Every structure is written in C-alpha cells, then in structure tokens.
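Here's the structure we're looking at; comments come further down.
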Amino acid sequence: MLARYKILVALFVGLALVVAGCSSSGLDGIQVNPSSQALAVGQTAPLTVTATYGAKGHQSTSTLTSGITWTSSAPAVATVSSLGVVTALSAGTATITATATAFNGPTSSTSTITVTGAGSSTVSGSVVTLAVVPGAQSVASPSQTTQFLAIGTTSSGATVNLTNQVAWSSSSTQIATIGGTTGFATAVGQGTATISALFTNATSGTVVTGTATFTVLGGTTEQFTAISITPGAQSLSASGQTGQFIALGTSGTTGLQSDVTSSPQISWKSAVPSIATVSASGLVTGVSVGSTTITAELTNPDNSVVSNTATVTVSQTSAPEPLLSLQIIPSSITVGNLQDTGQFLAIGTFSTAPFVRDVTNSPNVNWLTSSPSVFPVNTNSGGSSSASAGLVTAYGAGSATIIAEVTNPTDGTIQTATATFNCPTPTNPPQPGQCYQGSQAFALLSTLTVYNEGLNTTDWQVTAASATGTANVLHCGPGWSLGGGAGGSVCVATYPLGTSIVLKASGSNFGGWSYNCVPSDALGNVLSPATISAAGPNYCVVTFSQATSTKPANTNVTVGAIFN
C-alpha cells in the first residue's frame, strides 16, 4: 500500500511539473531589431526585441520589454543599457547581444553596431556635397528600424557628420518613416522608399542634398485607391472590329501607377454585351449598332473595390484607320531636382493585332512641349527605333503640357494626347523635392563614400587616388599607417563626372565589394569572372556618370568593402 502511495505521489509531481512547464511563458526565441546600424560617436539609439511564442504553426510575436540581459562585445566602442539603449563611444564595431530565458533554455540574438568618427556641432567652410550612409538598407518586416548617417564634404575637402543637422524625409511614409532630425528610420509597409537628407549652409543659404534607399521586404503593400481606363471612349465597327482598353491602378499616397489591365484582381464587364463584349484582358469587340458602358472593377486585398468606366460606340460604318486612339503614359510626371528627366510613352490602340503598341519612337509621332525653353522634350525626327523621344528635362521650376501628335499617312489627319510635367517651385527655405538653384541632379563633382561592412576592426584599409592621379588621397581604415595614424572608418572624396576611380583594399579576411564597385585589376580593367583574395590586395573600379535614356545616374556612390 505504501509503495502504491509513493507511485501516485510521483505521478502527481510529474504531472504538476508538466503543467507548470506548459503554463510558463512559452518563449521560443527572440530577434534584436535592427540587426545592424551605424552611429556616430556620442549618438545613442534604442534596440528592441521581438519575441516568438507558441508551437510551430500556432506562433505569435510581441515586443519583449523585460527579462532581457544586454551585453556588448566591445564596451570601449559601444555600451548598452539594461533597457537596450546603445551609446557610441569610439570608432569601431561592437556586437550587442540580448539574452532571455526561453521554454527550452537560454536564447539570444545580436545586433552589429558600427561607430564612425565623432560628429561635429559646427561646420567649418561651406558644405558642397552630402552623402547618406548606408546608400541602401533593407529590413525584413514592418516595425524594424535602421540608422542613416549624413556625411558632408566641405569646400576645403574636410568631412563632417551632419546627421543631426540635416532635414530628413521619406518619399513614402506608407513604406517608411524617418526622424526629421535623427536619421532613425522605421519600416511601415512593403516597398522601397527614398530617404533624403537636406542641409542648408548658414552663411550662403545654399542647399545640398543626399539620398539613400530603404527597402521593406515583408508586410502589406499599398492599396489601390483609384483606377483609370485608357482611352475613355472608343468607336468600333459592328463588323467585329476590336479595340483594347488599358487599366491603370493608382497606389496609396505615393500616387504610383501600375498597369493592372490583366491583373487577377480586376474584372471587366460590358453593360450591354449584345452591342459590345469585353474580355478578361480589356479587349472589346463590336457586335451590333449602339452604345454601351465598359466597367473595370479592381478588388484590393482587404476586399475594398475601386472602379471606373469607359464608353464604346458601335456603328455599321466600315472599320476606321488602324490607329483608334492615342494615350500618353503616365499622365503626369513630377521631378524633384533641376536637370532631372522624365520619360513619357506614347501608347497607340489599334484595330488590328497587335492591338496595343508603344509608338513613342515612331517616325509618325511628333513630341511637343508648351514650354520648350524650360521643359524641352525629345522627338524622333530620324525614325530610329532606339531614339529617346518623349524624354523631358527640367531647366526651371513650374509645369508644362507635353503633347504627342500622330499624323495619319493616308489622309494627313492628326490624333493627339497630352500629359503634364512638373518641377515644384521652391519655398523659403527650400525643401527636398523642390527645384531650387543648386538642386541639379548632377553637378560638376560627384561624391564617393567608402566604409567597411564587415567585422574586422584591426587592419582593414581602402585607398584611392585623386582624379589627377595623386596617390592615396582617400585612405580609410585602421590599417592606414602613413601620415600619422589610422584612416577614418567612413571616408569621403569628390571626383568630376566621367571619372573612373580604382579602389584598393588591403587587410585580412577580405570578402568582397558592394554591388556598385566592379572587381578589377590595379589598372581598372574589369575582372570577369571576379577574383577575390582573402589576404589582398583587391581592386575595384567605379565610374561616375550622369543619367542617360538607357541607364540611371551614377553620381554619388557609396562603396562597402567587406572585411570579416
């Protein structure tokens, strides 16, 4: 009997332990956000911890605020408080670790903190260029954060950290927000936003800007808030003539337009199918004489619906000339700097296949502008299929009407379409995205910013010559021993447009260059396939150029050298 009693007690205790275990927090793991960021000496930044709970398939997440132990791998570089607030003390790299007790034992996560040289509260000389570091950053999901730095170059060639002295802005607060004076960005929704920094020189009043991109990989995309149908009306023959409608969806606050003509989210309907039918791809066919309304309905992921209509008139007349209508896409372009360009496309709808054609560079299309001296537009007088017709350049502030004219070669009749081109007039003081003097998209000088993306803080070194060949004008990293000591952790130099600069990397555990510097030999000849030596030296070449009709500008470049 006693033995049986002992067995029952043991079973009861074991069950109690299981129940106690099941009633614990159920913490499975943690993630420190952001996983990496850059700070200047003296700056502080908060880290957050996202906790994951529950069994696989039934997991949930929330922000963890207690029960966390914080440590720094290099307290001389950066310290961390019990609340996860990091303070940058000296140049270098530190790994910040958060540890918590999970259901199956201790769990931890880390964030890499890169500390650059001390920021300056005063600027000696006029700031002529501004670079945002890093030039591109991405996070996995909304609520994650990252830190951007603004590095200015003065007229004397000196560099200064202006992170807390510039005006920060985001091109889309639906995707990312950023502290107006801190450069601390927070992800909101899926997509890519342009982060801008604007600095105004106190004495001259001139303004310099720098930009970077912030990509949020996960989360919810913007909803479509409007839909337009192009063209708004078509006339067809009852002989079975066809015409093509195009549907353009407008997204959220960004105003970006997307072709959703054949999207699975859209449905096309004809009010009177016996007069004209419409397919799932917007192709309408004349059936009998009369008029009908074509409706396009676009359903968002949240089941909200936006719609618009167009009209089809069907007659017994013979089919008209092949070109039924002409439309310029997009209907409006706004640029944010002088000498920025915008590309318009002329889209023709035809009665014969292919029903929709890009006629932008057709020799029958003539491009015009209402303001040729301020907003000139390229046209294709030579009939080349690779011409840059429809390309508008901003040489001042204001707006213009852009016109595409198509001449019918058989009878000389003309069809036209219009769009608008805008370059916002600056306020006082000017803001990012306004066309003030000095906001030119490309200048006489371009800015090169170099930094280390890896964890090596002891012997890495990156050097580059000046545009005239003076050796080691740019010297970055603790491996630089000439001239009285180590180079900076973030280095900036200026070069003229059209210059090709070769960077040389030396130091242990070299792992490669960022995408915008192409591996090369010491003379700048591109290596294909790229070869990398962990011991070095390793070279790459970057060419500074303005935008063309076939490729984007490469004016202000940030290069990351990876020393692990």
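Of all residues in the range 69-90, those satisfying the criterion of being closer than 22 Å to ALA486 by Cβ and open to solvent by 70 Å² or more (accessible area, probe 1.4 Å) are SER73, PRO75, ALA76, LEU89. Of everything in the range 175-194 that is of a type outside the set (Gly, Ala, Ser) and more than 21 Å from VAL41 (Cα to Cα), the residue that is least open to solvent (accessible area, probe 1.4 Å) is ILE175. Residue pairs whose Cβ atoms lie under 6 Å apart, separated by 6 or more positions or on different chains, with the first residue in the range 329-344 and more than 12 Å from ALA394 (Cα to Cα) and among the hydrophobic types (A, V, I, L, M, F, W, C) and the second in a strand (DSSP E or B) and open to solvent by less than 50 Å² (accessible area, probe 1.4 Å), are ILE329/ILE347; PHE344/ILE328; PHE344/ILE402; PHE344/ALA419. When residues in the range 324-338 are screened for being surrounded by fewer than 18 Cβ atoms within 10 Å (Cβ to Cβ) and either farther than 30 Å from SER545 by Cα or out of contact with any Leu (no Cβ under 9 Å at 6 or more places or on another chain) (or both), 2 of them pass.
When ALA197 is tested against the conditions (1) surrounded by fewer than 21 Cβ atoms within 10 Å (Cβ to Cβ); (2) within 30 Å of GLN434 (Cα to Cα), the lone failure is (1).
When the range 354-365 is filtered for residues that are closer than 17 Å to THR261 by Cα and assigned to a loop (DSSP other than H, G, I, E, B), the ones remaining, listed by number, are PRO354, PHE355.
Across the range 96-120, the qualifying residues are those that are under 30 Å from the mean Cα position of the chain (by Cα), at pLDDT below 85 and open to solvent by 30 Å² or more (accessible area, probe 1.4 Å), and the one among them that is nearest to ILE30 (Cα to Cα) is THR114. Within the range 80-103, the set of residues being of a type in the set (S, T, N, Q), closer than 29 Å to TYR53 by Cα and assigned to a strand (DSSP E or B) comprises THR95, THR97, THR99, THR101. Counting only residues that are farther than 22 Å from THR558 by Cα and assigned to a loop (DSSP other than H, G, I, E, B), the range 182-226 holds 15 of them.
Yes/no matrix, rows are residues, columns are (1) hydroxyl-bearing (Ser, Thr, Tyr); (2) outside any strand (DSSP E or B):
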| position | (1), (2) |
| --- | --- |
| ILE30 | no, no |
| LEU39 | no, no |
| ALA51 | no, no |
| SER62 | yes, no |
| ALA76 | no, yes |
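Suppose we keep only residues that are open to solvent by less than 60 Å² (accessible area, probe 1.4 Å) and hydroxyl-bearing (Ser, Thr, Tyr) within the range 348-377. Which one would you say is nearest to SER281 (Cα to Cα)? Here the residue is THR349. If you check THR177 against the conditions, is it within 14 Å of the chain's Cα centre (by Cα) and under 24 Å from PRO430 (Cα atoms)? For THR177, the condition - within 14 Å of the chain's Cα centre (by Cα) and under 24 Å from PRO430 (Cα atoms) - is met.
If you go through the range 489-515 and keep only what is open to solvent by 30 Å² or more (accessible area, probe 1.4 Å) and out of contact with any Cys (no Cβ under 9 Å at 6 or more places or on another chain), you end up with THR494, PRO496, LEU497, GLY498, SER500, SER506, SER508, ASN509, GLY511, TYR515.
Residues that are open to solvent by less than 30 Å² (accessible area, probe 1.4 Å) and in contact (Cβ under 8 Å) with a residue 24 or more places away in the chain within the range 467-488 comprise LEU474, CYS476, GLY477, GLY479, GLY487, listed in sequence order.
Of all the criteria given as (1) of a type outside the set (A, V, I, L, M); (2) within 20 Å of ALA187 (Cβ to Cβ); (3) in contact (Cβ under 8 Å) with a residue 12 or more places away in the chain, the one not satisfied by GLY54 is (2).
Conditions (1) small (Gly, Ala, Ser); (2) free of Cβ contacts under 8 Å to residues at least 60 places away in the same chain, marked per residue:
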| residue | (1), (2) |
| --- | --- |
| THR159 | no, no |
| ALA167 | yes, no |
| PHE184 | no, no |
| ALA187 | yes, yes |
| ILE195 | no, no |
| VAL208 | no, no |
| ALA212 | yes, no |
| LEU217 | no, no |
| ILE227 | no, no |
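When you go through GLN343, GLN339 one by one, which is the residue that is under 24 Å from the mean Cα position of the chain (by Cα) and on the phi > 0 side of the Ramachandran plot? Only one candidate passes the filter, namely GLN339. Within the range 275-296, the set of residues being under 30 Å from GLN343 (Cβ atoms) and either surrounded by fewer than 16 Cβ atoms within 10 Å (Cβ to Cβ) or of a type in the set (Ser, Thr, Tyr) (or both) comprises SER279, ALA280, SER281.
Taking the range 188-231 as the range and being more than 14 Å from the chain's Cα centre (by Cα) and among the aromatic types (Phe, Trp, Tyr) as the test, the residues that pass are PHE199, PHE224. A count restricted to the range 65-74 and to residues that are assigned to a loop (DSSP other than H, G, I, E, B), among the hydroxyl-bearing types (Ser, Thr, Tyr) and either under 17 Å from GLN43 (Cα atoms) or under 33 Å from the mean Cα position of the chain (by Cα) (or both) stands at 2. Considering only residues in the range 150-174 that are in a loop (DSSP other than H, G, I, E, B) and modelled with pLDDT under 80, the one that is least open to solvent (accessible area, probe 1.4 Å) turns out to be SER172.
The values are calculated or read from the model by the stated rules, or taken from the named source; none is laboratory data. Just so it is clear, the model here is predicted, and its values are computed rather than measured. Methodologically, a virtual Cβ is constructed for each residue, glycine included, from the backbone with ideal geometry; neighbour enumeration extends over all protein chains shown. Calculation scope for accessible area: heavy atoms of the full protein, side chains included, ligands and nucleic acids excluded. Shrake-Rupley method; radii C 1.70, N 1.55, O 1.52, S 1.80 Å.
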